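Trainee: One structure, as structure tokens, below. Some questions next.
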Amino acid sequence: MALNFAPERALLADMNHHIINLYAGIQSGAIYGSKVRDFLAIEGKRLAQAGAAYYYEVRDRFNEQGSSLDFLFLNRSCFNGVMRFNRHGKFNVPFGHKPERYAPSYITKIVNQVNWARKQMAGKKWEFRVASWQDVLAEVRADDFVYLDPPYIGRHTDYVNGWDDKEASSLARVTKALPSGFALSMWLENRHRKNEHINEHWSGLEVRVCSHFYHVGSSETLRNEIDEALIIKPGFATRDNGKQKTRQMAASKIQQSLPLFLPS
Ligand SMILES: C[S@@+](CC[C@H](N)C(=O)[O-])C[C@H]1O[C@@H](n2cnc3c(N)ncnc32)[C@H](O)[C@@H]1O
């Protein structure tokens, strides 16, 4: 969201220090396209030669040293792109069974993403911070805009720390009391079931829906077409242009033609 919207000032926070380190590394210039290309070309060749054994060697190295380049390598060659850590904070996702993963075209795609991220944040006042949502939301002022991308409740997500119903409902309560505008991404429904958490905790707000295929997931049932909801504080959504399915959850919806991600 931040990279696409590219605001002049932003605080980007996550509890996962590996994610923050990677983006902060791109920002500082420690991680850049040609460095990523050289690294993935060498490591990709080793993976092609030794397969799973080399993947696990890199995983052990990453769990000892925490290098952002190893993080990238693992993220793109692990099982289904899953990001999961054990309770000691060690990355524990198995190999994705693709020794030939790092073909030149795939490396180029990753390099382009790194270069694009660098370009989007260049010259901007962005701070990347390892922090909990509780700490960050406590700092929010009325003229901020908050975008939240929390773990998807009920989809067996397991990031650096656990995420449960209690934490998800607490996030909803605190967010709805914020003095600023906000938007939050959450899965709404798939062909198997609806996300009851949304009805229970986010009703009365503006919801924009778009469907897409979910490629990342630990099991087949998690990799299917899903309706994603962008839940928006009333008064902060653009006018519905009919391109997305809109569901009015509020009895009295405030329709204003404000751009979606401008501060109030
Ligand atoms: C759906 S992912 C968002 C990923 C992120 N938007 C990105 O592009 O990399 C949810 C994120 O919530 C983070 N998270 C989990 N518990 C948290 C907490 N208590 N406070 C802050 N972030 C948390 C996870 O580490 C994970 O990266």
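Every number here is computed from the coordinates shown, using simple stated rules; none is lab data. Not measured: the values here are computed from a predicted model.
Trainee: Longer than 26 Å from Cα to Cα, which of LYS124/LYS176; LYS90/LYS166; LYS166/LYS233 are they? Say none if no pair is. Before the final figure, lay out each step's value.
Mentor: On the way: LYS124/LYS176 28 Å; LYS90/LYS166 24 Å; LYS166/LYS233 22 Å.
LYS124/LYS176, as the Cα separations exceed 26 Å there.
Trainee: Quick check: convex hull of the Cα atoms in segment 91-207, volume per residue, rounded to a whole Å³?
Mentor: That works out to 180 Å³ per residue.
Trainee: From the square roots a ≥ b ≥ c of the eigenvalues of the alpha-carbon gyration tensor of segment 17-121, which class results: rounded (a/c under 1.5), prolate (a/b over b/c), or oblate?
Mentor: oblate
Trainee: Would you please give the residues with an amide H less than 5 Å from that of MET15, counting only those at least 5 places away or on a separate chain, with H modeled from the backbone geometry?
Mentor: Correct list: ALA131.
Trainee: Still on this structure, I have one more. Near the amide H of TRP126, under 5 Å away, which other amide H atoms are found, from residues 5 or more places off or on another chain, if H is placed in the peptide plane?
Mentor: Close amide H contacts, sequence-distant or interchain: ALA10.
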